[in-house]
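Novice: Dropping the structure in here first, questions after.
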Amino acid sequence: MVRFGIGQGVARFEDPRLLLGGGRYCDDVALPRMVFGHVLRSAHAHARLLSLDIEEAAASPGVLLVLTGADWESCGWGDLPLATGMRLQDGTPAPRPRYPALAKDRVRFVGDPIAFVVASSLAAAADAAEKIAVSYEPLAAITSTAEALREGAPQVWEECPNNIAFTHREGNEEAARAAFAKAAHIVEERFIINRVTAATMEPRAAVGDFDPASNLYTVYTPLQRAHAYRSELAKGVLRVPESRVRIIAGDIGGSFGMKSAVMNEVPLVLLASQRLKRPVKWTSTRSEAFLSDPQGRDNVTEAALGLDGEGRFLGLKVKTVANIGAYPQAGSNVFIGNLGTLCGVYRTPAAFVEVAGVYTHTNPVRPYRGNGRPEAAYVIERLVDIAARELQIDRIELRRRNMVAPSAMPFKTGLTFTYDCGEFEKTLDMALALADTAGFEARKALSQSRGRLRGLGLSYTIERAAANGFEAAEIRFDKSGTVTLLSGSISNGQGHETIYKQILAERLGVSPDEMRYIAGDTDKVALGEGTGGSRSAALGGSAFAVACDKVIAKGKSVAAAILGVERAEIAFAEGVFSALRKNRTLSIGEVAAASFDPKNLPEGMEPGLIAGAVFTAKVANYPNGCHICELEIDPETGQVFLDRYSVADDVGTVLNPLLLEGQIKGGIAQGAGQALMETIRFEPQTGQLQTGSFMDYAMPRAGDLPAIHCTDNPVPTRTNPLGVKGAGEAGNVGALPAVANALLDALSPFGIRQIEMPATAESIWRALRRRP
């Protein structure tokens, strides 16, 4: 076995540097003559801006520049990128409201930027911002997803009647109607998927540096897609060629989808830098992050499942109202591509979904870990549990009865997805064994003896990953025989450097100590689509695998020329090229060093052992897994104690089991956090944020989680050369419904069928006291 190769639980190579303080995050960037920016934000959810007096602020000590909405409007740049492909019910394109970096005439959520103050110190900029006199005319606001479509509700945009941002339909309405007409049983429920925020360890930040000598804009900022970001910023906002924009992303302390858009502050630091001819830095505080970061989820769904007399699923109908906040930020509607998760791993032949995206006077909403998958998984897995209880069929048996069999693959679902492979029932059995579900009743009796309720919840979920995208990779050997990896995908903490080095160790036999990893700099990395949608291992890893094949192919030609044999006689294994007939070998380092001398090369071959590759996924892959959660509830207080958690996953080929387990457990923490404690709340009348700090927004801590036990049933996919299925969002997708099902199982003796998330101790206590 190759040391550090594929399948080994290698600790992250990047961790020693980070643990020893060697990380370089955006706020660590310190450029000569750098100054600091502070954003003044709206105090109202909806108001007319009557006046903005900056005179006193501009005259404050240390202040160099104050930008307002009027400055933004007159600068000649474009507004922030908007979501694409949004249509109304009649198929016509939906109106596209403006999205300026600074509001001028009207503000549309608490936190909407209205001025940008730049000073010699951050304190001076913040102090000066307090001296800006703002006159507002407060207007009625709407923050509720359910109420946004109500007749007479306050309108966010005059050009968007009834607050409708877009509508989308998926599936076969006629087939679904026919399925429900012949159904022996129909179960229905209304689900509220609460709003959450990413709360990344590293807040958003940006440094803008305009060089007037070269006319070059350089941006340092944490993000997920350097090249796509550069394109959107250059073409849509700055209106300059991409060659005049450089994006640099250093180490990134989490993103979960939140940091992937071009947001207000990046154009602001660039505009300020252009005017001052000095670098300008802005870094969000935690309080500012709650007010300004894009948020996630926030859906209201009505769903129904039709079953025949034997409990087999016939049809699914779903109607969702999705809150996208005040602005149609780029990416705010891409969750519709994951609606297929609603069909789960089941043979439901007919499905139909209607989605209405609505505007409200709240932070913009964009992809958050899972991006529609956890919401869809929650809906179908809650429906299955409700159906099992109403039909008095064991919930595990009901799932077995409807699961797609391996022999049915490839299987086209009733809703957009086509599964290429999977062993759902086997994975289910592995999870049941790992969780010791046979011993649940004994544990339940023990809980009851202590005055506690106990519930067991399971979910079997599936998602689409690495959908129809590409990724680029480059391998460069130098004359010393060491190698540099250049990646188009960007790590936000997942461990890309480790995974990609493992692939090279496996394929090329090079020690990770002889590798250098570069990502996130558009002047160094030629091409890349970026990170998101559980794609980096499947696409980026495959790009490196293909590049390895090119290195080996060229290396064989070089080795053959050096050893004086035919290329076909050269073999390669574990980093060594060998010519059996001559009993001679050359290490890959020796071949790399020799490749820079044209005398060692075949006629017409370019010097150097360098190879790049772009891997394109023509179809998605479908990771899936079974989560089983056991919890206790103290009926006197409503407090929930997560007690046991087990997961069996199929993510295809496992590149690194240690990192995989970390991804799964992190996702579970986020899913459990949303189910039990995390939520963003706004005061209904004023739109003021009520959960603006960690005193009010409860984050899960280590003590809130039990030991999580994981196992794998890898069924490699043929959609990429590594056989990998995405794993970055799997934990979150499965946890939300598993925890909710466990909670409702514990509460079922009291006739409680559904409880809104987050199921806090107070809400459970109240539900127990108003039970039927």
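The values are calculated or read from the model by the stated rules, or taken from the named source; none is laboratory data. Quantities reported herein were computed from a predicted structural model and do not represent experimental measurements. No Cβ is skipped: glycine too gets one built from the backbone with ideal geometry, and neighbour counts run over all protein chains shown. What goes into the accessible areas is simple: the full protein's heavy atoms, side chains included, and nothing from ligands, DNA or RNA. Shrake-Rupley method; radii C 1.70, N 1.55, O 1.52, S 1.80 Å.
Novice: Under a crude label model (7 Å from the Cα following the beta-carbon direction), how far is THR285 from ALA698 in nanometres?
Specialist: Result: 2.6 nm between the two label points.
Novice: Calculate, in nm to one decimal, what GLN392 and ASP429 gain on full extension: separation in residues at 0.36 nm each, minus their alpha carbon distance.
Specialist: Result for the pair: 11.2 nm of gain on full extension.
Novice: Only four residue types carry charge here, +1 at the Cβ of Lys and Arg and -1 at the Cβ of Asp and Glu. Report the dipole size of the chain about the Cα centre in Debye, rounded to the nearest 20.
Specialist: 800
Novice: For SER587, SER332, give me the order by solvent-accessible area with a 1.4 Å probe, most accessible first, ignoring ligands, DNA and RNA. Numbers along the way, then the final one.
Specialist: On the way: SER587 45, SER332 5 Å².
Putting SER587, SER332 in descending order of accessible area: SER587, SER332.
Novice: Next question, about the same structure. Amide H neighbours of PHE166 under 5 Å, at least 5 residues apart or on other chains, H built in the peptide plane: list them.
Specialist: Excluding prolines and chain starts, which carry no amide H, the hits are GLY357.
Novice: Considering the dipole of segment 506-584 built from charges on the beta carbon (Lys and Arg +1, Asp and Glu -1) around the Cα centre, which of ILE518, THR531, ALA579 is farthest to its positive end?
Specialist: ALA579
Novice: While we're here: Any idea what the relative contact order of segment 244-366 is, in percent, if you count C-alpha pairs under 8 Å spaced at least 6 apart?
Specialist: Relative CO of segment 244-366 lands at 27 percent.
Novice: Still on this structure: Give me the mean projected area, in nm² to one decimal, of the convex hull enclosing the Cα positions of segment 603-654.
Specialist: On the way: hull surface 33.7 nm².
Averaged projected hull area, Cα only: 8.4 nm².
Novice: Work out the length of the dipole vector of segment 640-772 about its Cα centre, built from +1 on the beta-carbon of each Lys and Arg and -1 on the beta-carbon of each Asp and Glu, and round it to the nearest 20 debye. Mind dumping the intermediate values first?
Specialist: Details: 11 positive and 13 negative charges, 72 e Å.
In total the dipole reaches around 340 debye.
Novice: Run the simple label-point estimate for ASN583 and GLU569 please: 7 Å along Cα→C-beta, distance reported in nm.
Specialist: Modelled inter-label distance: 1.4 nm.
Novice: To continue, here is another question. Please get the size of the charge dipole for segment 36-86, origin at its Cα centre, with Cβ charges of +1 on Lys and Arg and -1 on Asp and Glu, quoted in debye to the nearest 20.
Specialist: About 220 debye.
Novice: Have a look at ASN468, ALA593, MET677 and report the one farthest towards the positive end of the charge dipole of the chain, computed about the Cα centre with Cβ charges (Lys/Arg +1, Asp/Glu -1).
Specialist: So the residue furthest toward the plus end is ALA593.
Novice: On the accessible surface of segment 388-458, probed at 1.4 Å, how many percent belong to carbon and sulfur atoms? Please list the in-between numbers first.
Specialist: Working: 1750 of 3360 Å².
C and S atoms contribute 52 percent here.
Novice: Here is a follow-up. So what is the calculated 222 nm ellipticity per residue for the chain, using -39500 (n - 2.57) for each DSSP H run with n of 4 or more, over all residues, to the nearest 500 deg cm²/dmol? Walk me through the numbers on the way to the answer.
Specialist: Numbers: 18 runs with 196 residues, N = 772.
Rounded to the nearest 500, it is -7500 deg cm²/dmol.
Novice: For the chain, report the accessible area per residue in Å² (1.4 Å probe, heavy atoms, rounded to an integer).
Specialist: Accessible area per residue, the chain: 38 Å².
Novice: Please list, in order, the residues from segment 651-688 whose amide nitrogen is less than 20 Å from a point placed 7 Å along the Cα→Cβ vector of LEU18.
Specialist: Residues 655-671 fall inside that zone.
Novice: Can you give the accessible area of LYS182 in Å² (nearest 10), computed on protein heavy atoms with a 1.4 Å probe?
Specialist: Looks like 150 Å² after rounding.
Novice: Now for a different question. Amide H of TYR136: which non-local residues (sequence gap of 5 or more, or other chain) have their own amide H closer than 5 Å, using H built in the peptide plane?
Specialist: Those lying under 5 Å, H to H, from TYR136 are LEU50.
Novice: Taking a 1.4 Å probe, which of LYS319, LYS104, LYS281 shows the most accessible area, and what order do the others take after it?
Specialist: Ranking LYS319, LYS104, LYS281 by accessible area, largest first, yields LYS319, LYS104, LYS281.
Novice: Could you go through segment 194-203 in sequence order and give the Karplus-derived ³J(HN,Hα) for each residue, using 6.51 cos²θ - 1.76 cosθ + 1.60 with θ = phi - 60°, rounded to whole Hz, and x for Gly and Pro?
Specialist: Result, ordered by residue: 5, 7, 9, 10, 5, 6, 5, 4, 9, x Hz.
Novice: Can you work out ³J(HN,Hα) from phi for every residue in segment 367-381, in order, using Karplus 6.51 cos²θ - 1.76 cosθ + 1.60 and θ = phi - 60°, giving whole Hz and x for Gly and Pro?
Specialist: Going residue by residue, I get x, 10, 1, x, 6, x, 5, x, 4, 5, 4, 4, 5, 5, 6 Hz, with x marking Gly and Pro.
Novice: Starting from the residue with the highest accessible area, list SER511, SER273 in decreasing order, probe 1.4 Å.
Specialist: So, going from the largest accessible area down, we get SER511, SER273.
Novice: List, in the order given, every pair from LYS281/LYS665; LYS554/LYS582; LYS479/LYS501; LYS319/LYS618; LYS281/LYS501; LYS235/LYS524 whose Cα-Cα distance in the structure shown is over 24 Å.
Specialist: Going by Cα-Cα distance, LYS281/LYS665; LYS319/LYS618; LYS281/LYS501 fall outside the 24 Å limit.
Novice: Using the 2.2 N^0.38 Å rule of thumb for compact globular proteins, work out how segment 262-307 stacks up: its C-alpha Rg over that value, please.
Specialist: In units of the 2.2 N^0.38 Å rule of thumb, it is 2.07.
Novice: Another one. Karplus couplings for segment 742-754 from phi (6.51 cos²θ - 1.76 cosθ + 1.60, θ = phi - 60°), rounded to Hz, Gly and Pro as x?
Specialist: In residue order, the calculated couplings are 5, 4, 5, 5, 5, 8, 4, x, 9, x, 8, 9, 8 Hz.
Novice: Can you give me the long-range amide H partners of MET757? Hydrogens built in the peptide plane at 1.01 Å from N, cutoff under 5 Å, separation of 5 or more residues or another chain.
Specialist: Result for MET757 returns ILE192, ASN194.
Novice: Contact order normalised by length for segment 130-287, with contacts defined as Cα pairs under 8 Å and 6 or more residues apart; what percent is it?
Specialist: On the way: 187 pairs, mean separation 35.1, N = 158.
Worked out over segment 130-287, it gives 22 percent.
Novice: Sticking with this structure for a sec: Using a simple spin-label model with points 7 Å from Cα along the Cα→Cβ vector, what separation in nm is obtained for THR92 and ARG769?
Specialist: Going by the 7 Å Cα→Cβ label model, 5.3 nm.
Novice: Continuing with the same structure: Could you compute how much accessible surface MET430 exposes when probed at 1.4 Å, giving the result in Å² to the nearest 10?
Specialist: 50
Novice: Another question, if that's okay. Past the 39 angstrom mark, what percentage of all C-alpha to C-alpha distances in the chain do you count?
Specialist: That fraction is 41 percent.
Novice: Among GLY555, VAL565, SER542, whose Cα sits farthest toward the positive end of the charge dipole of segment 539-584 (+1 at Cβ of Lys/Arg, -1 at Cβ of Asp/Glu, about the Cα centre)?
Specialist: Ranked along the dipole, the leading option is VAL565.
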